[in-house]
Structures are given as structure tokens and as C-alpha cells.
1. Let's see if you can work this out: charge +1 on each Lys and Arg Cβ, -1 on each Asp and Glu Cβ, no other charges. What is the dipole magnitude of the chain about its Cα centre, in debye to the nearest 20?
2. If you put +1 on each Lys and Arg Cβ and -1 on each Asp and Glu Cβ, how big is the dipole of region 108-203 around its Cα centre, in Debye rounded to 20?
3. Please compute, for the alpha-carbon atoms of region 144-281, the extent along each of the three principal axes and give them in descending order in Å.
4. How about region 47-78: which trypsin sites (Lys or Arg not before Pro) there lie in a loop by DSSP and see at most 10 other Cβ atoms within 10 Å?
5. Using Cα pairs closer than 8 Å and at least 6 residues apart in sequence, work out the relative contact order for region 176-242, in percent.
6. By its C-alpha gyration tensor, with a ≥ b ≥ c as the square roots of the eigenvalues, how is region 9-58 shaped: rounded for a/c under 1.5, else prolate for a/b larger than b/c, else oblate?
7. Helix-only estimate, please: 222 nm mean residue ellipticity of the chain, summing -39500 (n - 2.57) across DSSP H runs of length 4 or more and dividing by its residues, to the nearest 500.
8. Considering only DSSP beta bridges where both residues belong to the chain, give the percentage that are antiparallel (nearest 5).
Amino acid sequence: MFIFAFITYRIIMICFPNAKINLGLNIVAKRPDGYHNIETIFYPINLCDSLEIVPAQSKKRTFNQTGLQIEGNPSDNLVMKAYQMLEEKYPLPELDVYLLKKIPFGAGLGGGSSDAAFMLKLLNNFAKLNLTKKELEEISGKLGADCAFFIQNKPVFASGIGNIFETIDISLKGYYLSLVKPHIHISTQEAYAAVKPSYPIDSLKNIIQKPIMEWKNCMINDFESGIFLKYPEIQMIKEKLYDLGAEYASMSGSGSSVFGIFKSPIQKNIFNNADSFLIPL
């Protein structure tokens, strides 16, 4: 969603980049280029950052980030990389960029990728570039494997490196998501180091058609086995979500966040040394 506002003759444009979860994740093969082919289902959730752009007051662009602290050079933030990538081909104004970070990072939730994709969409609208969704997907794919998902931002079966999409018919409306982010950061390199690629016995496209209470026995995240050995506290979170009555629970992406899908809301703050979110689906 994008919001235009005019305040004392200044144009302000704001959007709310959302997170995603992975319903199942199979690492099927290692590629010659060093990447891995995967199969997963991306599902958008209503946990959002806030991203705002306004014409630069000093005639020179600035990047201003609040909320969760992000380490590193601001120019390396994917939001600014998206800005820089788009201006290589199209004329863009100098802007002041404001990012309020609420989606935990290092969590397997795609927060940085979402910020970048929404920045592309924001600039496309703001500068009236008239780029199609397909064109935006191609550009965003150069920023990160799952960036392109957030352009259309709807449930998909993803393959390749997470950039080839097939629309799927799935809705979790009416359920509640308990999302738990322990104070553990897992790098993508660390997560892949413990994985042995293999093709799944059954496709996620078939599994997702089964009743949700059956997913526990057939839908897996290949990252979990290696991560759980190194960080047993993450496995304990998953087990506790099932003890609390989750229909299905899993680590999202390469972790470290874990989610449980419930028929009714549960208490939010029940995990020590972790941040918890209760999100209607």
C-alpha cells in the first residue's frame, strides 16, 4: 500500500514493506555458480517496516533509519542499493529516505528484501516511471534472490534460487501466527553449510493441498536439522509451539525465527530471550 500526502506543499510518499514466512523449504541442488536451487512457498504476513520518501531538503539525498538498529554503512542498505540501481537507467530526483525498521533481521523473514522491493515500487510511482511488475521483478532480482517475490507480494511456489514463481491457491485467513525471534543471528552461509541438497519425496505443491493439521508430518524445512543441532534452543521453541496447540510450526527460511499457526490467538510474550509477535493471517 502506498500513501501520498501533501504537507505544506511537500510531497510525501510512504509504504509499509511486509515480511514473509516459508511454508516448507527444500534445498534441492547446488548450482555451478555456487548458489542453491530451492523449492518453497512464500507467504506474506502483516509484520511491517515503514518506508518514506520526500524531496531532499538540502538537494542532496539522505538515508535516515530508526527502529531496530542495523549495523554497517547506510549506503550498503538494500533500500539505497535499490535507489542507486534504478537511477542507473532512469532519471530520479534527490530524496530524503526514512526507514523505520520493525521486521527482525537475520530471521528468515525477508525484511531487507521487502524494503528493497518496496523502494523500487515507491520510486516507480513517485517518479512516474511506468515500469511493469515484470520489469520491477527483473530489477529486484539483481538485489537478492527473494526480492522479486515482494513485487507482487502474494503466495507463490518458488523455485530456482527463489526467483521463479508459480501462483498457488492457498489462504490462511482466519488463523493466527505466533512468530518467535530468538536473540540468535544465523547467516545464510552458516545455514547452507549444514545442508545436503536432495529432491523431496513429495512436492510442496501437493502437500499444501492437504489439511493444515497434516503438514506437520510431511512439510519440512531442510535448514532445520543442521540449525537445531547447533542451536537446540531454536528447536525447543518449535516444540513449545506444538505443545501450545499449533496446527503447524516451522523455522522460517534459514532462521532464526520460528512460527506456529494457530486456530485461535495465544498469549504473546511466553518465550524467554526472544521477541514474540502475534499476527492475524
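The values are calculated or read from the model by the stated rules, or taken from the named source; none is laboratory data. The shown structure was predicted, so the numbers you read here are calculated from the model rather than taken from an experiment. Virtual Cβ from ideal backbone geometry, glycine too; neighbours counted across all protein chains shown. To get the accessible areas, we keep the full protein, side chains included, count just its heavy atoms, and leave off ligands, DNA and RNA. Shrake-Rupley method; radii C 1.70, N 1.55, O 1.52, S 1.80 Å.
1. Approximately 440 debye in magnitude.
2. 260 debye
3. Largest to smallest, the principal-axis extents are 37, 36, 30 Å.
4. Lys59, Lys60
5. Relative contact order here is 37 percent.
6. Taking the square roots of the gyration eigenvalues as a ≥ b ≥ c, region 9-58 is oblate.
7. Here the helix-only value at 222 nm equals -6500 deg cm²/dmol.
8. Antiparallel: roughly 90 percent of the beta bridges in the chain.
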